[in-house]
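Below are the structure tokens for one structure; questions will follow.
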Amino acid sequence: MDHISHLKCLICGKTYQPDEVDYVCPDHGREGILDVQYDYDLIGRRLSKGDLFHSTTFTIWRYKTLLPVQPNAKVPPLSVGWTPLYRADRLAGEIGLQHLWVKDDGRLPTASFKDRASAVAVVKAQEKGAAIITTASTGNAAAALSGICASVKQPNVIFVPEAAPPAKIAQLLTFGSQVMLVRGTYDDAFELCLAAADEFGWYNRNTGFNPYMTEGKKTVSFEICEQLGWQAPDRIFVSVGDGCIIGGVHKGLKDLLALGWIDHMPKIMGVQAEGSSYLYQAWKNGEDVLTKPAIKAQTAADSISAGLPRDRLKAMAAVTETGGAYLSVTDDEILAAIPALARGTGVFAEPAGAAAYAGLLKAIEQGQVHPNERIVVINTGNGLKDVAGAMKGVELVGTKAYHVAPDIEALRQIIKNTNS
Ligand SMILES: *Cc1c(COP(=O)(O)O)cnc(C)c1O
Ligand SMILES: [Zn+2]
């Protein structure tokens with residue numbers, strides 16, 4: 001892996017070779033998240049935009065030269081990446097914008113953005129010959145690891161809060177993972193998983209701990225920019241829990257700037273749920289995320305519920321270094337955004353995915369967005385992940401079904417009453 005120059009601790013700046021450390025900076029433990037740094041001259045000689053133009057690989061592996069894996073690494077067979085970027089002209093018009101796109105990562109194999117990271121995790125674990133991979137998760141990272149492990153018959157142990165939505169737990173059990181339903185929060189599941197990985201020697205996929213997860217997640221920015229003909233957007237809206245996705249979005253854009261493939265850095269807009277807004281608060285109040293204590297997290301958007309965002313250093317940098325902003329939206333705003341996005345574009349998002357769109361609406365309301373900016377909203381998860389959330393959303397906007405007898409006269413009455 002001569003294209004990786006080193007791993008760098010975000011706290012002390014100390015550098016390591018990839019074979020020296022697997023996860024965090026030994027001097028800083030849990031907080032010492034590492035950033036993978038590349039030799040862009042070398043990468044630029046190995047891969048060009050022209051090569052990509054002719055590439056027939058429509059997965060994250062079309063960017064393998066920019067990922068922390070061996071050139072000949074065997075990759076899992078599930079098709080992860082190259083999700084659609086829909087131009088949403090009609091919805092844009094309705095909310096007073098001229099250029100809006102929706103990147104639909106609900107279309108990934110296990111129906112959330114997390115597949116991008118888990119695909120890389122499985123390759124890294126197999127590179128190390130790991131017998132078992134483990135992760136803690138609010139549900140989607142678990143489902144992603146579980147599904148990708150199933151595709152290569154890789155044993156794995158998963159820790160999720162007992163209260164995770166049933167669809168996510170069903171995915172884990174169906175894929176054949178060993179599932180630990182933790183009586184506690186995601187934060188509790190995370191602690192237990194780290195202790196277990198330590199004690200049993202399992203490969204650890206945890207977010208904000210394993211430095212390679214950011215690298216899988218950065219592929220979304222490669223795709224967005226390539227799908228826009230390498231004309232980077234002006235702003236990208238993404239929802240934030242642990243902060244790994246937003247850090248990945250930033251990393252991908254930094255890679256492209258370093259290669260000279262895009263000419264400006266988009267502003268990154270991080271959207272948090274009001275009841276789980278650690279990063280929004282820290283950003284607004286100028287607090288140091290290394291000393292700010294955990295908050296109590298409570299939101300209907302389970303995938304972005306995190307009392308102590310594990311990737312908070314990268315998450316904060318993504319917003320401050322790009323001139324973006326953090327936004328906070330209420331649960332009702334999030335839930336109402338599910339039908340709004342679905343009706344405006346045909347994209348069905350789970351609450352955490354719709355939160356990004358709720359954030360865009362808030363930013364418009366607050367005058368943070370200029371009507372002619374080119375804006376991308378990332379949907380991070382499929383609506384079928386949380387049917388109860390979707391039903392609350394439609395109830396909020398006042399939509400209901402009609403119960404009708406199997407009889408045309410009964411139907412006529414309803415049609416007459418509703419269409420008059
Ligand atoms: C995990 C997740 C997020 C948030 O990602 P973080 O890296 O935790 O900030 C947002 N939406 C969905 C659907 C997710 O699964
Ligand atoms: Zn360090």
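No lab work stands behind these numbers, since they all come straight from the coordinates. None of these values were measured; they are calculated from a predicted model. Backbone-built Cβ (ideal geometry, glycine too); neighbour counts: all protein chains shown.
Using the charge dipole of the chain (Lys, Arg: +1 at Cβ; Asp, Glu: -1 at Cβ; taken about the Cα centre), state which of Pro371, Thr134, Ala189 has its Cα farthest towards the positive end.
Selected residue: Pro371.
I would also like to ask the following. What list do you get for Val319, Val120 if you sort them by fewest beta carbons within 10 Å?
Val319, Val120
What is the set of long-range amide H partners of Ala325 at a cut-off below 5 Å, with H atoms built 1.01 Å from backbone N?
So Ala325 has HN proximity to Ile268, Met269, Gly270.
For the ranges 405-414, 149-158, 69-78, what's the packing order if you count other beta-carbon atoms within 10 Å of each residue, average per peptide, and put the highest first? Intermediate results must be reported in sequence, preceding the final value.
Details: 405-414: 10.4, 149-158: 19.0, 69-78: 15.0.
Put in order of decreasing packing, that is 149-158, 69-78, 405-414.
Please label the shape of segment 26-178 as rounded, prolate or oblate, based on the square roots a ≥ b ≥ c of the eigenvalues of the alpha-carbon gyration tensor (a/c under 1.5 means rounded; beyond that, a/b larger than b/c means prolate, else oblate).
oblate
May I ask you to give the average projected area over all directions of the convex hull of the Cα atoms of segment 361-418, in nm² rounded to one decimal? Numbers along the way, then the final one.
Values: hull surface 29.6 nm².
Taking a quarter of the hull surface, the average projection is 7.4 nm².
Considering only Cα-Cα distances, which of the following residue pairs are longer than 32 Å: Lys168/Lys314; Lys49/Lys153; Lys14/Lys128?
Cα-Cα > 32 Å for Lys49/Lys153; rest within.
Here's something else I'd like to know. Using the Kirkwood formula over every pair of different C-alpha atoms, what hydrodynamic radius in Å results for segment 186-312?
Roughly 15.8 Å, rounded to one decimal.
How big is the charge dipole of the chain about its Cα centre, in debye rounded to the nearest 20, if each Lys and Arg gets +1 on its Cβ and each Asp and Glu gets -1 on its Cβ?
The calculated dipole for the chain is roughly 720 debye.
Using a Gaussian network for the chain with springs between C-alpha atoms less than 10 Å apart, which of these wobbles most: Asn379, Asn204, Asn285?
Its mean-square fluctuation being the largest, the pick is Asn285.
Once you've got the GNM for the chain with C-alpha springs shorter than 10 Å, pick whichever of Ile33, Ile304, Ile11 has the biggest mean-square fluctuation.
Judging by the Gaussian network model, the answer is Ile11.
So, in Å, what gap is there between the alpha-carbon centers of segment 309-330 and segment 244-282?
Using only Cα atoms, the two centres lie 7 Å from each other.
Mean-square fluctuation check for the chain, GNM, Cα pairs under 10 Å: which of Asp27, Asp331, Asp187 is largest?
Comparing Asp27, Asp331, Asp187 in a Gaussian network model of the chain, the most mobile one is Asp27.
Also, quick follow-up: So, counting K/R as plus one and D/E as minus one, what does the shell of residues with Cβ under 9 Å around Leu10 add up to?
Neighbourhood net charge equals 0.
Now, a different point. Work out from phi, with θ = phi - 60° and the Karplus expression 6.51 cos²θ - 1.76 cosθ + 1.60, the ³J(HN,Hα) of each residue of segment 290-295, listed in order in whole Hz, and give x for Gly and Pro.
7, 10, 5, x, 4, 10
Also, quick follow-up: So for Leu97, Leu327, fewest C-beta neighbours within 10 Å to most, what's the order?
Leu97, Leu327
Pull out the extension gain between Glu274 and Glu127, defined as 0.36 nm times the separation in residues minus the alpha carbon to alpha carbon distance; nm, one decimal.
Answer, rounded to one decimal: 48.9 nm.
What is the extension gain from His403 to His6, computed as 0.36 nm multiplied by their sequence separation minus the C-alpha to C-alpha distance, in nm to one decimal?
136.7 nm
Further question on the same structure: Counting only C-alpha contacts under 8 Å and six or more residues apart, can you give the relative contact order of the chain as a whole percent?
Relative contact order comes out at 16 percent.
Okay, next question. Enumerate the whole-percent occupancy of each 10 Å bin, from 0 to the last occupied one, for all C-alpha pair distances of the chain.
Distribution as computed: 5, 23, 34, 25, 9, 3, 1, 0 percent.
Taking Cα pairs under 8 Å and at least six residues apart, what relative contact order does segment 234-390 come out at, in percent?
Details: 308 pairs, mean separation 46.5, N = 157.
Over segment 234-390, the number comes to 30 percent.
Using the membrane-span-like helix rule (whole DSSP H runs, Cα extent along the own axis of at least 15 Å, mean Kyte-Doolittle hydropathy at least 1.0), which helices of the chain qualify? Before the final figure, lay out the partial values.
Details: long enough: 115-127 (18 Å, 0.01); 140-152 (18 Å, 1.42); 186-200 (21 Å, 0.27); 244-259 (22 Å, 1.06); 331-345 (21 Å, 0.41); 351-365 (20 Å, 0.79); 408-419 (16 Å, -0.33).
In the chain, the long hydrophobic H runs are 140-152, 244-259.
Another question about this same structure. How many angstrom lie between the C-alpha centres of segment 347-375 and segment 25-94?
One Cα centre to the other: 25 Å.
Any chance you could check the Cα centroid distance between segment 138-164 and segment 99-136 for me, in angstrom?
10
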